[in-house]
Amino acid sequence: MNFDKFFALAKEKGITEAQIQVSKSTATSVKLFKHEIDSYSVNDSQAIIACGIYNGKFGSGTTQKFGKDSFEFLVNQIIMTATYSEKMNDIGLFKGSEKYTKKNVFSKELEETPMAKKLEVLRSIEDGIYAFDGRFTEAEVSYSERSSSSEFYNSYDLKLKQKSNYFYVYAGAVARVGEETKTFGDVFLDNTFSKFNKDAFVKGICEKTLSKFGGAPCVSGKYPTVLSRDIAADLVACFLSSAVADEVQRHSSFLEGKLEQKIASSKVTIEEKPLTKNVFFSYFDDEGVATQNKVIVKNGVLKQFFYNRETAKKDGVETTGNASWEGSKIGTDFGNIFVKPGKQSFDEMISSIKEGVYITEIAGLGTGMNSNSGDFSCQAEGYMIRDGKLAEPLNLITLSGNLLKMFSDVKAFDNNVAMTSDAISIADVYIKKMSIGGK
Amino acid sequence: MISKSLAQKVLNAALATGGDYAEIYAEQKESSSIVLENGKVDSVGGHLTYGAGIRILQGLRSVYGYTSDLSEKSLLSLATKLAASYEGERLFTVTSIKKQRVKVINKIEDSLMDVPTEEKISYLKECYEATKSVDERLVRIQDAFSNYRTTIEIFSAEGEEGKQFENCEERGRLVMVAFAAGEGNQIETAFKGPGRYDGWNYFTKVLDYKDKAKQVGEKAIMMLSAKECPSGNYSVVIANGWGGVLFHEACGHSLEATATAKGLSVFSDSIGKQIASPIVSAFDDGTIANEWGSNNIDSEGHVTQKNQLIKDGICVGFLVDKANGRRLNMEANGCSRRQSYRYAPTSRMSNTYIAAGKDDPEQIIKDTKLGIYVADFGGGSVEPTTGEFNFSASEAYIIRDGKICEPVKGCTLIGSGKEVLMNIDRVGNDVALGQGMCGSLSGSIPVNVGQPTLRISRITVGGRGGKLE
């Protein structure tokens, strides 16, 4: 597309600064059920998001229609939305960072691996689940891959492009014994197909599913609690959403006024490293600002909020390159989070716990979390820890706490670190005590 | 968006390799939204969703693809690409397409699309003022109004004569959030989000929006004094309206053919069996005029229906879409839904509710010695295969000696669908509906949940407040 026409039209209609971003993606996914291809999909999608300054105010518009009238639609949307805005924009659009750290994260290996090979792996996952144990009655196995490109242009001649791809494999297994049904699913996400170890993946899913039989609630109470890294990652994401400057400035974050204060145990160090060369790599944000690696929490002390240009100006600081579209306005987001792991193994970490719980799955955090106060309560399952070892399975229990309190009560992380599919690298974490609801 | 002749070409390209059903779902959706932060316009947005999805079925197999380029070249290329995943001979050629009559059950006379933005802004400002007037401790108030109009064209063929459906959907929603600040870093929030498939007259004249706005402020302030919810097994009385999220999560999802057809639901083999207490009957009804979850036709062109799911505790039906209906050997019953052309359709709920019982709601509370009263919920989730669900209360109180007493916060209810439905021991006569968004396989869609006031004799309650005494 010739974007000069967009900028010319915007200028002609009185838009003094303008920005346009185009994203395109193609995706393929296959799902197997009972040895057959249950569903198969191929998708092409595209979207344009544009914004600009009109009469000193910010306006924006988006469309998925690429046609001869698209630019006119977008320009009119910018004018209309800016007209109704009650906020003068005193930052304008971005003129460009001094340096951008580009890296090629597009995996040719993934693109060149034939679909037939990927399907073969998928079939062997399904076969592997059924072969693992006669109690497995159903398995849902799917493969998806996406390749996407984004382009950024603004009226200051800033031109940025990024291309990436990834795949993920999902498998969910169902095992039954009489009336009791247990299920467990897992996801593997990366951009290098050869990194996927199907045998370990199948073994992990099957063992976890079978170990859940006989699960029951424990007695309600406060227990030393170990959270598996996936659960810890979910809670870190909620915690960090309160470190977004928009929330802090609007008085709806429990981290307001806590910069340079101790907000967590000294075991907790959290960094955001968007420039890590992995599937989550990103070198510019939605304002065109170069992203940067940074420490958010260091040894329990809050060092940094996440900013875009508008919130940074309000606090008199530099943007941290975390701008991200939120509907029709530029908000803030984060990714590629690294939580510092510990040195001991999982077994060593739990060896001192006489009676505690190990939580491996949670559900309902979306509605059970008050991200403003940090209070949460959700459904959970896992295992008892007795005399330093994993014991009987637990299910239909609740896990409740407060994020600030929980991170202050971190006793240790183990060394069982991995990057989750939500872009958080973290290990299992041991919390002094948490509330468990059960019998 | 797509001419009949082009649709015919695309359907035939899709059916070239032995598909027995092909469908094109084209969509153009204009959305607008206005967000106020503390009474000032924070953002006004406009978005155009545009594209088409093509689906081909062959027996139990399904292929789906979408594109936002509706040119002949793009659609034919997509159809050919999808057809290539089957290996077979053409079963039939579509020779004509007949336009089907769609009965409009949701009539709108004053479209939200025609309301000037200024008018919506002043409406939101009135909401803001009403909330703000409640208490000075309300440090942040968000008011948003969003609405959309979706034009849909469906072309489908299962034989030589194809079908064409046209439908238009319009919905609007007012969302109000209040944040109250207490001592130290305590922040409590409250939310209300009335929505409807309706016009401006509803939002300005029928809906008591100022009262709702006031309630949001009052609830956030009330939560400042709420104690931590106790944990353990208790009697729980759930208020009417949004309380229906209990049934939606505990049972509704598990009755969708999406889960039952593959044996992946705890209720897969339950038709004709007792799955709930005999005082429970439940429906999913996509035909209630102008309700949030209603529609004229579903995403496959079927007329929406009132489907009974449970009658006097006995499971009498599932929600069935075309593809899963083939596995179940059951007819589709008008509940196939999707968020947009980017999702293949599947069976989903619309307006799902537990029917009214005989009890006086006040008497249910009076008859409860010690327990919890849940007045409002945030939402919940379920694993249909095990039936294990959770939902979070956003407003709850302790019941002592038949009276609603102190408020509690951080209250989560969990259980298994099979058990909790059997444990319903009182059903009130005050059925009401509440609006929400439901996320599942075919995306996020508007649904109503509903129920009368009811009591669950025992359910696991999770919180940080220790034992209830």
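Roughly what angle does helix B:209-224 make with the longest principal axis of chain B, taking Cα atoms, 0 to 90 degrees, to the nearest 10?
Helix B:209-224 sits roughly 60 degrees off the main axis of chain B.
Per residue, what volume in Å³ does the Cα convex hull of segment B:228-462 take up?
Residue-normalised Cα hull volume stands at 101 Å³.
Per-residue ellipticity at 222 nm for the protein assembly as shown, helices alone: DSSP H runs ≥ 4 residues times -39500 (n - 2.57), over residue total, nearest 500 deg cm²/dmol?
Estimated from H runs of four or more residues: -5500 deg cm²/dmol.
If R₀ is 56 angstrom, what is the calculated FRET efficiency for the pair A:Asn55 and B:Ser96, using the beta carbon separation as r and rounding to 0.05?
For R0 = 56 Å, the calculated efficiency reads 0.55.
What percentage of all Cα-Cα pairs in the protein assembly as shown are separated by more than 37 Å?
Tail of P(r) above 37 Å: 48 percent of Cα pairs.
Can you bin segment B:291-428 into rounded, prolate or oblate? Criterion: square roots of the alpha carbon gyration tensor eigenvalues sorted a ≥ b ≥ c, rounded for a/c under 1.5, prolate for a/b above b/c, oblate for the rest.
Prolate, because a/c is 1.5 or more and a/b exceeds b/c.
If each residue's Cβ is checked for other Cβ atoms within 10 Å, how do A:Cys206, B:Cys335, B:Cys168 rank with the fewest at the top?
Least crowded to most crowded, the residues run B:Cys168, A:Cys206, B:Cys335.
Between the helical axis of B:4-14 and the dominant principal axis of chain B, each derived from Cα atoms, what acute angle in degrees is found, rounded to the nearest 10?
Rounded to the nearest ten degrees, it is 90.
With each label point set 7 Å from Cα along the Cα-Cβ vector, what nm distance links B:Ser74 and A:Asp157?
Those two pseudo-labels are separated by 3.3 nm.
Would you kindly state how much longer the chain becomes between B:Glu406 and B:Glu183 on full extension, computed as 0.36 nm times their sequence separation minus their alpha carbon distance, in nm to one decimal?
Between B:Glu406 and B:Glu183, full extension yields 78.4 nm more.
Kindly put A:Val105, A:Val202 in sequence by how many other C-beta atoms sit within 10 Å of each C-beta, fewest to most.
Listed from fewest to most nearby Cβ atoms, that is A:Val105, A:Val202.
Over all pairs of distinct alpha carbons, what does the Kirkwood formula give as the hydrodynamic radius of segment B:4-224, in Å?
About 20.4 Å, per the Kirkwood formula over Cα pairs.
Order by neighbour count: B:Ile238, A:Ile270, fewest other Cβ atoms within 10 Å first, most last.
Lowest to highest Cβ neighbour count: A:Ile270, B:Ile238.
On average, how many beta carbons from a partner chain sit within 10 Å of the beta carbon of a residue in B:266-275?
0
Which number gives the lysine pairs in segment B:228-462 that have C-alpha atoms under 12 Å apart and are eight or more places apart or on different chains?
For segment B:228-462, the number of qualifying lysine pairs is 4.
Could you give the Stokes-Einstein D for chain B in µm² per second, using the C-alpha Kirkwood radius, 4 °C, 1.567 mPa s?
Stokes-Einstein gives a translational diffusion coefficient of 55 µm²/s.
Which residue fluctuates most in the GNM of chain A (Cα springs below 10 Å): A:Thr137, A:Thr209, A:Thr319?
It is A:Thr137.
Taking C-beta distances below 4.7 angstrom as the pairing criterion, name the unpartnered cysteines of chain B, in sequence order.
Cys with no partner Cβ under 4.7 Å: B:Cys127, B:Cys168, B:Cys251, B:Cys315, B:Cys335, B:Cys405, B:Cys438.
Only Lys, Arg, Asp and Glu count, each charged at its Cβ (+1, +1, -1, -1), so figure out the dipole size of the protein assembly as shown about its Cα centre, rounded to 20 debye.
Dipole size: approximately 960 debye.
At q = 0.20 Å⁻¹, what log₁₀ I(q)/I(0) does a Debye calculation on the Cα points of segment B:1-112 give, no solvent, two decimals?
-1.04
Can you tell me, using C-alpha contacts under 8 Å and at least 6 residues apart, the relative contact order of segment A:12-135 as a whole percent?
21 percent
Can you tell me the Rg and the Dmax, both Å, for the Cα atoms in segment B:387-460?
Answer for segment B:387-460, Rg first and Dmax second: 14.3, 45 Å.
Which whole-number percentage describes the relative contact order of segment B:43-194, with Cα contacts under 8 Å and a sequence gap of 6 or more?
19 percent
Using Cα atoms only, what is the angle between the long axis of helix A:115-132 and the major principal axis of chain A, expressed in degrees (0 to 90) to the nearest 10?
30 degrees
Given 0.36 nm per residue, what is the gain on full extension from A:Arg386 to A:Phe213 after removing their alpha carbon distance, in nm?
So the chain would gain 60.5 nm between A:Arg386 and A:Phe213.
Name the trypsin sites (Lys or Arg not before Pro) in segment A:365-425 that are in a loop by DSSP and that have at most 14 other C-beta atoms within 10 Å, would you?
Within segment A:365-425, no trypsin sites (Lys or Arg not before Pro) qualify (loop, at most 14 other Cβ atoms within 10 Å).
How many angstrom lie between the Cα centre of segment A:51-83 and the Cα centre of segment B:427-469?
Each part reduced to its Cα centre gives a spacing of 41 Å.
Residue separation times 0.36 nm, minus the C-alpha to C-alpha distance between A:Met1 and A:Lys34: what's the value?
Taking 0.36 nm per residue and subtracting the Cα distance, the gain is 7.4 nm.
Using Cα-only point scatterers and the Debye equation, what is log10 of I(q)/I(0) for chain A at each q in 0.06, 0.10, 0.13 Å⁻¹, rounded to two decimals?
-0.31, -0.84, -1.25
Would you mind computing, in nm to one decimal, how far apart the modelled labels at A:Glu355 and A:Lys95 are, each placed 7 Å from Cα along Cα→Cβ?
According to this spin-label approximation, the distance is 6.7 nm.
Direction-averaged shadow area of the convex hull around the Cα atoms of segment A:240-310, nm²?
5.3 nm²
Each value in this text was obtained by applying a stated rule to the coordinates, not by laboratory testing. Predicted model only: the values in this text are computed from it and were never measured. Every residue, glycine as well, gets a Cβ built from its backbone with ideal geometry; the counts of neighbours run over all protein chains shown.
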